[in-house]
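The values are calculated or read from the model by the stated rules, or taken from the named source; none is laboratory data. Computed from a predicted model, the values in this text were never measured in an experiment. Don't worry about glycine lacking a Cβ; one is built from the backbone with ideal geometry, like all the others, and counts go over all protein chains shown. Areas reflect the complete protein model, heavy atoms only, side chains present, ligands, DNA and RNA absent. Shrake-Rupley method; radii C 1.70, N 1.55, O 1.52, S 1.80 Å.
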Amino acid sequence: MSTPLYSGTICVYMSEKAYNPEKYEDEVYKRWERSGYFNPDNLPGDRKKSFSIVMPPPNVTGVLHVGHAVMLALEDIMARYHRMRGYDTLWLPGTDHAAIATQTKVEKLLKEKDKTRHDLGQEDFLKEVRKFVDQSKDTIHRQIRKMGCSCDWSREAYTLDEQRSLATRTVFKKMYDDGLIYRGDRLVNWCPRCESTLSDDEVEYREEDSKLYFFKYDEDFPFEIATTRPETKLGDTAVAVHPDDKRYKKYIGETIDVNFVGKRLSLKIIGDKSVDMEFGTGAVGVTPAHSMADSQLAEKHKLESIKVIGEDGKITVEAGKFFGLTPLEARERILKSLEKNEFLSKEEDITHNLSVCYRCGEGVEPLSSKQWFIDVNKKITIKGNKYFKNKSLKDVAVKVVKDGEIKIMPKRFEKVYFHWMDNLRDWCISRQIWFGHQIPVWYKGEKVYVGVDEPKGSGWEQDEDTLDTWFSSGLWTFSTLGWPEKTEDIKKYHPTTVLETGYDILFFWVARMILMTTYTLGEIPFENVYLHGLVRDKQGQKMSKSLGNVIDPLDVAEKYGTDAVRLSLIMGTSPGNDVKLSEEKIAGFRNFANKLWNIGRFISFQEKCGGKETLADRWILSRLNNLIKEVSEDLENYNFSFAGEKLRDFTWGEFADWYLEISKVEEGKTKVLKDVLEKLLILWHPFIPYVTEVVWKEMLGKRNLIIAEWPEVDKKKIDEKAEEEFVIVREVVAKIRNMRAEQKVEGGRMIDVSIISKDKKLLEEQEHIIKRLARIENLEIKADGKKTEIVIK
């Protein structure tokens, strides 16, 4: 058992020369939770200003990854800083039901048991999903706590809980009543694997080798077309050419009937400037039911739409003899028939982008389907809503960013946001899956009822579809605060101060929150958007299981301590830019946490107070107050890495390497040492909460660093002259140390030194420091008005 040493009332177990995170972290977090200070209702003092942030809800599909760790570290810095600055600080946590992702995950688990969701039936399948969700949420809660997050667990939300479900149904009805939600047949992105629609931004693209086929529909068709998908030509209703293409100009306006591999087609020849004359033959078959571009052409030229691929991913009855085949099977038969009849002239190898589902990776099929949509272009006026006066959802979402009501960091992402908004089409919000918010629409014969609650009476059947996950998560900033009730939380904390998230979901989530909140509440969801980058390995490669370069934040936190992980994710980063992470980097910050621990141990021994104020005292207090000023400004401006780097340079460089060493020469510095340490612990606390809280308690004998008051700048202690003079002394010491190294003088050997300098008086006053830090036996200082010269004798 270690023996406690006493310094006043402070008890420190000095046998622990290294900080051991494993010993302290769990207990410290429990102490924070017991204090109740994560909940703003329990914070002491008169807090007139508020700061609020809602946690981007992690999907309940498994464990947190390193990207989540970045988000949690950044948001905890913001929350702890504002709490210590005296703000009424709310950081609200939660999780997302992530409908498609979660259902897909549970289906994969069932597949391992040779079962499908259809084997279980909807009710039992949803029981399995809920069981999985509960287990996953427990895991996520433990991981968030392990990261040291000071979020208010008493207000935790889940996108599929009853309160959020009520908000979702309420907004759906409001939008339906305002004519913004409608049901209709439109082209959608369909995932045959998930058996559901996808929004445009849920489609990813994978480069693959393919072929471009050149052929005529039949012997009577006057020219060739080119396509990568012959099977979709079964649904062609037109052929498009450029109006200026001399090869085809004479055919524009004609309708030509053809027999395409046994399927009768009536093809209108249309001229449109969107056609690329240089691609293929310059003529393309138009398939309105299976191409987004062709759908727009069909709307423009009033063309018929024929659906030849169904929701099951197979050829429909509309395609005649090919009914029931997969598209690839149909393609093979069509190509054989074209080749046999000598209509296929050639094939070219090309590379193109295949549309795939962002969740399962299956190829996405554009097809016409009856779905629920939000009209983003319809202009509406809403009484009491300052934004909607003959404006559309898209208009308002653009305006609030252009007018600077919402600031996006880094600013370059505003251009990306505007580009996406300019190309935004009506949002398909219905999904053909079992898990999620069921659409609040009921049918009885020809009657349709849309409501927050189910209709009274018998015979009503609810729409089987569920809502797109992004619909409910788009309400996150206000549904989490108790809406549709007019709660005190909404009055106090909304709009939220900042949304911190990855730049990869700017379109998925950020834009939708702006759309939904300005419409529903008539105010912005947040004042600032801070976008962090992706975490890559030390070579700059994206982390992936296939590359074997994934770093699990919880694994390395167990090994090096949570504080080290947090610092490694923050330092050297800036908004919108990717960050490199390696175990070596984390280990380096473990060493820094240990350095801070040892600084605390050293200061806890100091007992002598008093003594005359020296240059070193004036210098360190001046540097400390400049540090407080700069770090506070950096944190206010979301420059987290800058703040951390300045803190590290001061702590390790100026304070530990210089002032602590000087304190061994100049006695009576206990008050200054403890004053600097106390303020440093407060400044560091948002970044590395565990080690700072432990040192605060164990070595300063204080409690609850989490609510310590953020230090104010004492302008009287900013002393430019002291800083300038100390720089001179430090440079002299550094130069002597370099000369010792160059001349290979043994480390412990005392030397004699002669200095000629215009700062003779200053150097004589600080002679005791120079001699101690440079290991000098005899020091001779002479005056010279022009230069400083040092000689080792």
- line: Treating only Lys and Arg (+1) and Asp and Glu (-1) as charged, each at its beta carbon, one finds that the chain has a dipole about its Cα centre, in Debye to the nearest 20, of 1680 debye
message: Let me make sure I get this right: for segment 478-626, a, b and c are the square roots of the gyration tensor eigenvalues over alpha carbons, sorted descending. Under 1.5 in a/c it's rounded, otherwise prolate if a/b > b/c, else oblate. Which is it?
response: oblate
query: Between the helical axis of 720-742 and the dominant principal axis of the chain, each derived from Cα atoms, what acute angle in degrees is found, rounded to the nearest 10?
result: 90 degrees
Span from the segment 55-100 Cα centroid across to the segment 374-434 one, whole angstrom: 25 Å
message: I'd like to check one number: the per residue accessible area of segment 737-793, probe 1.4 Å, reported in Å² as a whole number.
response: 63 Å²
field: Å² of accessible area per residue within segment 621-724, as computed with a 1.4 Å probe and no ligands counted
entry: 39 Å²
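Whole number in Å², please: accessible area per residue of segment 493-582, 1.4 Å probe, ligands, DNA and RNA not counted. Intermediate results must be reported in sequence, preceding the final value.
Values: 2890 Å² over 90 residues.
Ligands and nucleic acids excluded, the figure is 32 Å² per residue.
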field: Full-stretch length increase - residue 205, residue 112 - with 0.36 nm per residue and alpha-carbon distance subtracted
entry: 30.7 nm
statement: For residue 582 and residue 608, extending 7 Å from Cα along the Cα-Cβ vector and measuring point to point gives, in nm, a value of 4.6 nm
- request: Would you please give the FRET efficiency between residue 664 and residue 154, computed as 1/(1 + (r/R0)^6) with r the Cβ-Cβ distance and R0 = 56 Å, to the nearest 0.05?
  value: 0.70
Cα long-axis angle, helix 292-301 against the chain (0 to 90 degrees, to the nearest 10): 50 degrees
statement: Note on segment 548-661: alpha-carbon gyration tensor, axes a ≥ b ≥ c; rule is a/c under 1.5 for rounded, else prolate if a/b larger than b/c, else oblate; result oblate
task: Please give the length that would be gained between residue 351 and residue 333 if that part of the chain were fully extended, namely 0.36 nm times their separation in residues minus their C-alpha to C-alpha distance (nm, one decimal).
output: 4.2 nm
query: Suppose R0 equals 30 Å; then what is the FRET efficiency for residue 411 and residue 539 from their Cβ-Cβ distance, rounded to the nearest 0.05?
result: 0.55
task: Would you calculate the separation in nanometres between label points at residue 163 and residue 254, each defined as 7 Å from the Cα along the Cα-to-beta-carbon direction?
output: 6.8 nm
message: Given axes a ≥ b ≥ c from the Cα gyration tensor, I'd like to know whether segment 705-764 is rounded (a/c under 1.5), prolate (a/b larger than b/c) or oblate.
response: oblate
- prompt: Under 18 Å from a point 7 Å along the Cα-to-Cβ line of residue 177: which residues of segment 445-472 have their amide N that close?
  reply: 448-456
query: Using mean Cβ contacts within 10 Å as the protection proxy, how do 332-339, 42-49, 416-423, 531-538 order, highest first?
result: 531-538, 332-339, 416-423, 42-49
message: If you average the alpha carbon positions of segment 224-296 and of segment 105-177, how far apart do those two centres end up, in angstrom?
response: 46 Å
statement: Counting only DSSP beta bridges with both partners in the chain, the antiparallel fraction in percent, to the nearest 5, comes to 70 percent
field: On Cα atoms only, tilt of 327-340 relative to the major axis of the chain in degrees
entry: 50 degrees
query: When the accessible area of the chain is split by element with a 1.4 Å probe, what percent falls to carbon and sulfur?
result: 46 percent
message: What FRET efficiency comes out for residue 547 versus residue 778 if R0 is 51 angstrom and r is the Cβ-Cβ distance? Round to the nearest 0.05.
response: 0.25
query: How many nm separate the modelled label positions at residue 741 and residue 30, each set 7 Å beyond the Cα in the direction of the Cβ?
result: 4.7 nm
